[in-house]
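Visitor: Right, I'll just put the structure down here and ask away after.
The values are calculated or read from the model by the stated rules, or taken from the named source; none is laboratory data. As the structure is a prediction and not an experimental result, all values here were calculated from the model. All Cβ positions, glycine included, derive from the backbone under ideal geometry; neighbour counts span all protein chains shown. Side chains included, ligands, DNA and RNA excluded: accessible areas come from the protein's heavy atoms. Shrake-Rupley method; radii C 1.70, N 1.55, O 1.52, S 1.80 Å.
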Amino acid sequence: MNEPSTLVLGQILDLHANPFDVPPDEAARYLRRGGILVENGKIAATGDADGLRAAAPQARVIDHGDGLILPGFVDSHAHYPQTAIIASWGKRLIDWLNSYTFPEEMRFGDPAYAAEIADRYLDLMVSHGTTSVASFCTIHPSSVEAFFAAAEARNMAVVAGRTCMDRNAPDGLRDDAQTAHDESKALLETWHGQGRAVYAITPRFSPTSTPEQLEALGALWAEHPDCPMQTHLSEQTDEVDWVRDLHPHRRDYLDTYEAHGLLREGAMFGHAIWLTDSERARLRDHGAALIHCPTSNTFIGSGLFDTARAMAEGQRVGLATDTGGGSSFSMLHTMASAYEIGQLSGTALHPAQLLWLATAGSARAMRMDDRIGTLAPGSDADLVVLDLASTPAIAQRHARSETIWEAVFPTIMMGDDRAIAAVYVAGAQLTAGGTPPDQHSRPVSPLIADSLGLPGGA
Ligand code: GUN
Ligand code: ZN
């Protein structure tokens, strides 16, 4: 049955082209008073507010006033099981995994704990304006079930997969090649394409997989080529050295994946900092995605990803938190961190480029840019509405702005969940109540809204 249409009003910033390819003002359409017409969970039209009101007089109107409407943020690499250990002090990658990550991931064999953290994590995503995420789970099928179930309850489009490891991990977090293949296959067959769910084949990284396991997962991917594949690549120099020792027959780190059918379009490689020229060329030629995780790269001390170089050489690049190696759940913080790393690498990324990476760029890395990360008619109505004056410090800088880019940049650099005025997932507003334009209302999930007895509940 058709639902009544909804007209969401506010300022609109529609990045309809890639601002790394064309100048920002050509890539963007800015409407001071615009609207998104939502029908059956999809964007029916994006345009001038008065024109849409006249074209759809029957639509229910939700007016966000000066709120800036963007596609919901897309986080293209995260570990939801690391939610509770974010901001753990003092370690670099391998020690950080052994000290903090693996003990926590061990707990996800308990379905009740997995469900609790999955709910907590997705509530945090919504309150930070992120409407889609590609997440690693743990080795336990229950961790995957819990995550997809929590996403389904919110109608969120998520990518997730069982994280496979058959060596260099503690007892209880190791499988073998056959189990990894069979359990991944069963989860894939249950969840992939179920509602908005996308299953990703997920070897953690080459240090924790034998060649046999990588081969088995490559074979599974060949049977299901429309699924994405997510893993890690060349995050720290120690890790690159270790991979050379563990896989002596491979010419470089990328080859540990390539040799087993794990390099092609649909592959998403987290970090990808310490690459050789040959690796860079093969990544580009195969259409794989490099996922930049800036807060993680500074927090764990990994290195500086050169976004401008990657874009100029034609790589597919996504932007991500890498929670809980990353130090924030916020894609606003993540954009700020990408900007700062860009400065250290010699390029000031434009606000249009940062926003594009956090929406369309990540969606493209996930091969979902026909559905999410965009305001194009026909795509899913996943939206975030930003308050561009959410704190006194941001408000006073915003008051000086003369262009939309100057208006949004203080929120990119200094904003957090207080800047998230409203969130829509597949056309449904996940906020507590009707959000009058001048009244700040924090987005919460329908589940929280339900438990609080608020009108945003399911
Ligand atoms: N490499 C392998 N596993 C992980 C992880 O969980 N986080 C990060 N940042 N890097 C990894
Ligand atoms: Zn990661």
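Visitor: Through the Karplus equation 6.51 cos²θ - 1.76 cosθ + 1.60, θ set to phi - 60°, convert the phi angles of segment 295-310 into ³J(HN,Hα) values in whole Hz; use x for Gly and Pro.
Guide: 5, 5, 5, 7, 5, 8, x, 7, x, 9, 7, 9, 4, 4, 5, 4
Visitor: In nanometres, what is the gap between the two model label sites at Ala399 and His16, each 7 Å from Cα along Cα-to-Cβ?
Guide: Result for the modelled spin labels: 3.6 nm.
Visitor: With all protein chains present, how much of the accessible area of segment 144-253 (probe radius 1.4 Å) comes from carbon and sulfur, to the nearest whole percent?
Guide: Solvent-exposed carbon and sulfur of segment 144-253 make up 48 percent of the total.
Visitor: If the only charges are +1 at each Lys and Arg Cβ and -1 at each Asp and Glu Cβ, what is the size of the charge dipole of segment 37-176 around the Cα centre, to the nearest 20 debye?
Guide: 140
Visitor: May I ask for the distance between the Cα centers of segment 172-237 and segment 94-143, given as a whole number of Å?
Guide: 17
Visitor: Continuing with the same structure: Which one of Leu246, Leu355, Gly324 is farthest out on the positive end of the charge dipole of the chain, using unit charges on Cβ (Lys, Arg +1; Asp, Glu -1) and the Cα centre as origin?
Guide: Most positive-ward Cα: Leu355.
Visitor: Around Thr256, under 12 Å between beta carbons, what's the net of Lys plus Arg minus Asp minus Glu among the other residues?
Guide: Working: positive: Arg244, Arg250, Arg251; negative: Glu215, Glu239, Asp245, Asp252, Asp255, Glu258, Glu279.
Spelling it out: positives minus negatives among the neighbours equals -4.
Visitor: Another question about this same structure. Averaging sequence separations of C-alpha pairs under 8 Å and six or more residues apart, then dividing by the length of segment 47-197, give the relative contact order as a whole percent.
Guide: Normalised by residue count, the contact order of segment 47-197 is 22 percent.
Visitor: Oh, and also: Quick one: with all protein chains in place, what share of the accessible area of segment 282-415 is carbon or sulfur, to the nearest percent (1.4 Å probe)? Don't skip to the end; give the middle numbers.
Guide: Details: 2120 of 4180 Å².
The value for segment 282-415 is 51 percent carbon and sulfur by accessible area.
Visitor: Would you mind counting up the charge near Ile300? Only other residues with Cβ under 13 Å from its Cβ, with Lys and Arg at +1 and Asp and Glu at -1. Walk me through the numbers on the way to the answer.
Guide: On the way: positive: Lys91, Arg92; negative: Asp95, Glu235, Asp238, Glu239, Asp322.
For residues surrounding Ile300, the net value is -3.
Visitor: Give me the one-decimal nm value for the distance between modelled label points at Glu313 and Asp285, 7 Å along each residue's Cα-to-Cβ direction.
Guide: The answer from the label model is 1.3 nm.
Visitor: A further question on this structure: Rolling a 1.4 Å sphere over the protein heavy atoms, what is the accessible area per residue of segment 25-90, to the nearest Å²?
Guide: Ligands and nucleic acids excluded, the figure is 41 Å² per residue.
Visitor: Follow-up. Given an 8 Å cut-off on Cα distances and at least 6 residues of separation, report the relative contact order of the chain as a percent.
Guide: Rounded, it is 19 percent for the chain.
Visitor: Further question: With each pseudo-label sitting 7 Å past Cα toward Cβ, what's the Ser345-Glu189 distance in nm, one decimal?
Guide: About 4.2 nm, to one decimal.
Visitor: Find the centroid of the Cα atoms in segment 343-399 and in segment 260-338, then give the distance between the two in whole Å.
Guide: 17
Visitor: Taking θ as phi - 60°, what are the ³J(HN,Hα) couplings along segment 373-389 by the Karplus curve (6.51, -1.76, 1.60), each to the nearest whole Hz, with x for Gly and Pro?
Guide: With the stated coefficients, segment 373-389 comes to x, 8, 9, 5, x, x, 8, 5, 7, 9, 10, 10, 10, 9, 8, 7, 9 Hz.
Visitor: Now for a different question. In square angstrom, what is the accessible area per residue of segment 281-331 with a 1.4 angstrom probe?
Guide: 24
Visitor: Take every DSSP beta bridge with both residues inside the chain and express the antiparallel ones as a percent of the total, to the nearest 5. All intermediate terms of the calculation are to be shown ahead of the outcome.
Guide: Values: 27 of 60 bridges.
So the antiparallel bridges in the chain amount to around 45 percent.
Visitor: In addition: Can you give the local net charge around Thr190? Use residues other than it whose beta-carbon is closer than 14 angstrom to its beta-carbon, Lys and Arg +1, Asp and Glu -1.
Guide: Net charge in that neighbourhood comes out at -3.
Visitor: Would you work out the relative contact order for segment 117-258, in percent, from Cα pairs under 8 angstrom that are 6 or more residues apart?
Guide: Averaging sequence separation for qualifying contacts and normalising by length gives 20 percent for segment 117-258.
Visitor: Based on the mean of other beta carbon atoms within 10 Å per residue, what is the order of 298-305, 264-271, 278-285, 325-332, most packed first?
Guide: 325-332, 264-271, 298-305, 278-285
Visitor: Going by average Cβ neighbours within 10 Å, how do the peptides 354-361, 397-404, 230-237 rank, with the highest at the top?
Guide: Descending mean neighbour count gives 354-361, 230-237, 397-404.
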